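The values are calculated or read from the model by the stated rules, or taken from the named source; none is laboratory data. The model shown is predicted, which means the values in this text are computed figures rather than measured ones. Cβ atoms come from the backbone with ideal geometry, glycine included; neighbour counts cover every protein chain shown. Protein only, heavy atoms only, side chains kept; ligands, DNA and RNA dropped before computing areas. Shrake-Rupley method; radii C 1.70, N 1.55, O 1.52, S 1.80 Å.
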Amino acid sequence: MSKGIITCTSSNLYQVSIKNETYNCLARGKLKKEKVSPLVGDYVEIKVTDENKKEGVIEQIYKRKNELKRPKMANLTQLILVVSMKMPKPDLLLLDKQLAFASHLGLKAVIFLNKIDLEEEKNIKKIEKIYKNIGYEVIQTNAKGYLPLENIKELLKNNITAFAGNSGVGKSTLLNSIFNKQLTEEGIISNKNQKGKNTTTAVTLYKYDKNSYLADTPGFATFEITEILKEELSHHFVEFNTYLKKCEFLGCSHIKEQNCEVKKAVEEGKISNYRYENYIKIYEELKKQEERKW
Ligand SMILES: Nc1nc2c(ncn2[C@@H]2O[C@H](COP(=O)(O)OP(=O)(O)OP(=O)(O)O)[C@@H](O)[C@H]2O)c(=O)[nH]1
Ligand SMILES: [Mg+2]
Ligand SMILES: [Zn+2]
């Protein structure tokens with residue numbers, strides 16, 4: 001038996017990476033009986049059935065650290081949230097949602113501002129500042145030109161990392177330039193609506209070094225944050241945390257209440273207006289979703 005990680009699946013076939021080899025595996029029938037289907041990112045034990053043909057059978061799945069529904073994958077430890085500076089234009093509401101979602105899942109989140117070659121520096125700096133000020137690591141990238149590879153290498157070390165962001169922001173292009181190989185298909189931005197068209201359709205893990213993998217995923221843009229309770233949302237806005245104590249006591253939603261410490265901090269410029277407005281939008285969205293459930 002050997003331990004490996006599932007890097008990609010298609011119907012009932014699983015690719016399992018062990019050291020520098022890849023095995024095509026089927027899942028042992030008993031797994032089906034136990035109603036667990038293997039996911040990309042799963043650590044598994046396989047029995048090699050044919051060393052020459054690199055074939056095997058998955059005998060066991062190790063306990064998952066976490067499990068994502070969309071995209072379907074397990075054991076992710078880090079998200080790189082990719083924001084395009086132009087074509088498509090930055091979607092900071094989505095970014096704030098994803099930051100909250102990452103916090104909810106206990107994943108590390110890093111922000112890449114991509115396509116910096118297409119936008120003026122002062123506009124890039126403005127966005128960079130909002131997120132750097134509240135403690136996020138922000139890295140400027142031009143996936144088709146300059147990448148701070150040393151920095152990225154450090155970031156990926158010992159992580160299973162996935163890119164997240166709207167279609168067309170450059171996730172696959174970043175992946176290809178990080179690996180310096182054409183690993184995955186890049187799409188073309190239509191000139192008409194300046195949107196991507198979901199070129200990537202399946203989750204695949206690419207091995208970066210010994211314990212590091214990078215996932216190309218289809219979108220993530222439409223992923224659900226329904227799992228977050230609206231009452232908990234403010235805890236996932238990191239910069240709100242220092243102001244929450246008094247509010248908590250009052251059961252405050254930080255929207256319409258008087259004497260709200262969060263609102264005071266916004267008025268005093270200690271919390272960014274953009275972030276606060278997105279907080280309200282996401283809160284309202286969660287509220288609607290909750291109402292729909294009843
Ligand atoms: N100018 C410029 N173009 C870029 C950059 N990064 C990506 N692009 C282009 O943007 C287009 C979309 O890039 P993709 O890598 O396919 O985007 P994606 O995020 O993988 O999109 P989906 O797979 O649809 O989710 C391609 O034409 C890329 O060449 C960049 O930094 N600068
Ligand atoms: Mg892609
Ligand atoms: Zn409050």
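Numbers below:
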quantity	calculated
Within the accessible area of the range 230-293 (1.4 Å probe), percent carbon and sulfur	50
Solvent-free Debye scattering, log10 I(q)/I(0), computed from the Cα coordinates of the chain at q = 0.07, 0.09, 0.12 Å⁻¹	-0.31, -0.50, -0.85
Amide hydrogen neighbours beyond the local backbone of Ala27, cut-off 5 Å, H modeled	Ile58
Cα pair count fraction exceeding 22 Å, expressed as % - the range 39-138	48
The range 62-131: GluC sites (Glu not before Pro) falling in loop per DSSP and having at most 12 other Cβ within 10 Å	Glu120
Computed Kirkwood radius, in angstrom, where 1/r is averaged over Cα pairs of the range 230-293	12.0
Per residue accessible area in Å² of the chain, where ligands, DNA and RNA are left out and the probe is 1.4 Å	55
Relative contact order of the chain, defined on C-alpha pairs under 8 angstrom at six or more residues apart (%)	14
The range 1-64: GluC sites (Glu not before Pro) falling in loop per DSSP and having at most 12 other Cβ within 10 Å	Glu34, Glu51
The range 68-216 - charge dipole about Cα centre, Lys and Arg +1 at Cβ, Asp and Glu -1, debye rounded to 20	340
Calculated log₁₀ intensity ratio I(q)/I(0) where the Debye formula runs over C-alpha points of the range 29-77, q = 0.23 Å⁻¹	-0.88
In the range 60-92, trypsin sites (Lys or Arg not before Pro) in a DSSP loop with at most 11 other beta-carbon atoms within 10 Å	Lys63, Lys69
Within a Gaussian network of the chain (alpha carbon springs, distance under 10 Å), most fluctuating of Lys54, Lys122, Lys108	Lys122
Within a Gaussian network of the chain (alpha carbon springs, distance under 10 Å), most fluctuating of Phe249, Phe101, Phe179	Phe249
Among Thr141, Thr173, Thr242: highest mean-square fluctuation, GNM of the chain, C-alpha pairs under 10 Å	Thr242
